[in-house]
Amino acid sequence: MRLYDQHLHTWNSFDCKTPPEQNVAEALEKGLAGLTFTDHFDTHPSEWPECKYDDAKIAREIDALRDRFGDRIFIGKGIEVCYQPERMDFILEFLAKHTFDVVLLSVHWAHGKPVHVREHFDGMDPHTFIHDYLTAARDATAHIAHMQEHGGHPFHILGHMDFAKRYANRYWGFDEPINEPQLIDEILRNCLRANLIPEINTSTLRNKMAEPMPGKDTVQRYADLGGTCMSLGSDAHSPQYVGENFDDAVGIMRSAGIKHLAVFRDGEMKPVDVD
Ligand SMILES: [Zn+2]
Ligand SMILES: [Zn+2]
């Protein structure tokens, strides 16, 4: 079984200093079949000045890596788009003008507030925080499903579906399975309508949390609703984390009956067996 890491960062993200080559070296070391760079594309007016996504520079760096390592490993060019409904025209125009193996959609903001900035949530409890986040993720995925039904398919993967879990752990020490069956169902159904593949993001496991994002109950529910493929992402911001904890994630997929990884090249999805 050979796996693909379709969510990781480099010095082309505001919050990461890794030279891309170090990620390739680690992926080879771990025996991955491929890795896809997904640097941040953050368009909220308060974050846009910090955004380092320079498509020409990234394409040059990836071309050079493909020349050196392309016979040993697949090296993909992707992007992690931060969902900002007010910036959708700008985002879609940018995506249409550039080429990607995969486009990841991630909800990092909920109801006008960045989830990763603690001061916005002083005095809140983790359950409300997670509930509010999931309503934002529900609305975002409904928007993408609506686009799909009108012939648009600019996004391929939904990043870290219950992302608020990572911050609920940081802010309040929260580490429980998510207990929001109705919202999780709505998000999963929207993903199926939108042809948006949910990722299993393993970053919480290296932070010593019990489950990846999402955890096993959600993966099982996705399978029960008819989901057949998922993506794996380490969300590595340091090279040693590329492909980290993928055995755990594959174990969760297998026990839920999800038998395929969704691997993207040139925006086309190919299912790869995890059996
Ligand atoms: Zn993210
Ligand atoms: Zn990321």
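Between a residue in region 99-111 that is of a type outside the set (Val, Ile, Thr) and any residue that is outside any loop (DSSP other than H, G, I, E, B) and surrounded by fewer than 21 Cβ atoms within 10 Å (Cβ to Cβ), which pairs come within a Cβ distance under 8 Å, given they are 6 or more apart or on different chains?
Final answer for the pair search is Asp101/Arg265; His108/Pro114; Ala110/Asp132; Ala110/Thr135; His111/Asp132; His111/Thr135.
Of all residues in region 70-124, which are under 17 Å from Tyr4 (Cβ atoms) and either assigned to a loop (DSSP other than H, G, I, E, B) or within 16 Å of ligand 1 (Cβ to nearest atom) (or both)?
Listed by number, the residues that qualify are Gly70, Asp71, Arg72, Ile73, Gly78, Ile79, Glu80, Phe100, Asp101, Val102, Val103, Leu104.
Considering only region 48-97, state which residues are of a type outside the set (A, V, I, L, M, F, W, C) and buried (at least 17 other Cβ atoms within 10 Å of the Cβ).
Within region 48-97, Lys52, Tyr53, Asp55, Glu61, Gly76, Lys77, Gly78, Glu80, Tyr83, Gln84, Arg87 qualify.
Residue-by-condition table, conditions (1) out of contact with any Gly (no Cβ under 7 Å at 6 or more places or on another chain); (2) acidic (Asp, Glu):
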position: Asp101; (1), (2): no, yes
position: Leu105; (1), (2): no, no
position: Phe121; (1), (2): yes, no
position: Met124; (1), (2): yes, no
position: Gly151; (1), (2): yes, no
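Looking at this structure, is Phe174 of a type in the set (Phe, Trp, Tyr) and more than 16 Å from the chain's Cα centre (by Cα)?
yes
Return the residues of region 171-201 that are part of a helix (DSSP H, G or I), in contact (Cβ under 8 Å) with a residue 24 or more places away in the chain and farther than 21 Å from Lys259 by Cβ; say none if nothing qualifies.
Across region 171-201, the qualifying residues are Tyr171, Trp172, Pro181, Leu183, Ile184, Asp185, Glu186, Ile187, Asn190, Arg193, Ala194.
Among residues belonging to region 141-170 that are closer than 12 Å to Ile197 by Cβ and part of a loop (DSSP other than H, G, I, E, B), point out the one that is farthest from the chain's Cα centre (by Cα).
His153
Every number in this text was worked out from the coordinates using simple rules, so none of it is lab data. Given the structure is predicted, the values throughout are model-derived calculations rather than measurements. Please note: Cβ atoms are built from the backbone with ideal geometry, for glycine as well, and neighbour counts cover all protein chains shown.
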